[in-house]
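Values quoted throughout were computed directly from the atomic coordinates according to the rules given, and no laboratory measurement underlies them. These numbers were taken from a predicted model, which means no experiment stands behind them. All Cβ positions, even for glycine, are placed from backbone atoms using ideal geometry, and neighbour counts span all protein chains on display.
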Amino acid sequence: MGTEAEYNLAAEMLALIPQPVLVIPGNHDERERFRACFGHSSYMPNSGPLHFAAGDQGAVLILGLDITVPGAHHGDMDDAACLWLEQRLAEEPDRPTLIMMHQPPFDSGIPYIDAYCCRQGERLAAIVSRYPAVERILCGHIHRFMQLRFGATMLVTAPSTTTAIALRLREGAEPASFVEPPAMLLHHWRPQLCLITHLVPIGSFQGPLPFA
Ligand SMILES: [Fe+2]
């Protein structure tokens, strides 16, 4: 679990990013240290799970869903998370919305990461199925890029900026990680159109080359 020094270092590094930064907790976070470090942000609640609605970041409503279970590596779409999400979506049902959460709510087929997924994902699928304005669900945790249809919306998982979980799909496969090319996702809102997700490799590459 994150120490105070590690949170301070993370805050220092994130402060270098000129764009607004919205953070959600993962399984290595300690909820109260996380809140103490980032709680000064206007969107972070003062107590309980770290759910937040950031409606002031442009046309797209950004919902941060805290499905972490203190002390555990899996997540859980529990009653409180379901209620909170349903209420937020019902407030602005027609607004394009992006939901961020850490553990993916589906079985990826990689057995050693699926053991630590977000449980009761079917409850999330049922909720978002009723709100077609949900453009995307974004997850981390799995350290690989994946995309799938989920509850009448699209779900994508972020690639890793550090080690990648090994792509091993056999039952009982040995857990492992590899150093693969780091990457991130860029979600570009095109007004009156849709949200477009770009997979962006991180590094220095040859170019720009002539466009031919
Ligand atoms: Fe994680």
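Of note:
- Simple point charges give the picture: +1 on the Cβ of Lys and Arg, -1 on the Cβ of Asp and Glu, and for the chain a dipole about the Cα centre of about 540 debye.
- Note that segment 1-132 shows a convex hull volume over its alpha carbon atoms of 123 Å³ per residue.
- Label-point separation in nm, Thr163 to Leu209, each point 7 Å along Cα→Cβ: 3.3
- Computed Rg/Rh of segment 136-212, alpha carbon atoms with Kirkwood Rh: 1.06
- Evaluated over the Cα positions of segment 71-152, the convex hull gives a direction-averaged projected area, one quarter of its surface, of 5.4 nm².
- Pair Tyr116, Leu83: separation of 7 Å Cα→Cβ label points (nm): 3.0
- Share, in percent, of DSSP beta bridges within the chain that are antiparallel, nearest 5: 60
- Projected onto planes of every orientation and averaged, the convex hull of the alpha-carbon atoms in segment 170-212 covers 6.7 nm².
- Normalised convex hull volume, segment 62-111, alpha-carbon set, Å³ per residue: 91
- Pairs of Cα atoms in segment 5-51 fall into 10 Å distance bins, from 0 up to the last occupied one, in shares of 25, 60, 15 percent.
- Check: segment 71-188 dipole with +1 on Lys, Arg Cβ and -1 on Asp, Glu Cβ, in debye: 260
- Dividing the Cα radius of gyration of segment 42-193 by 2.2 N^0.38 Å, with N the residue count, gives 1.06.
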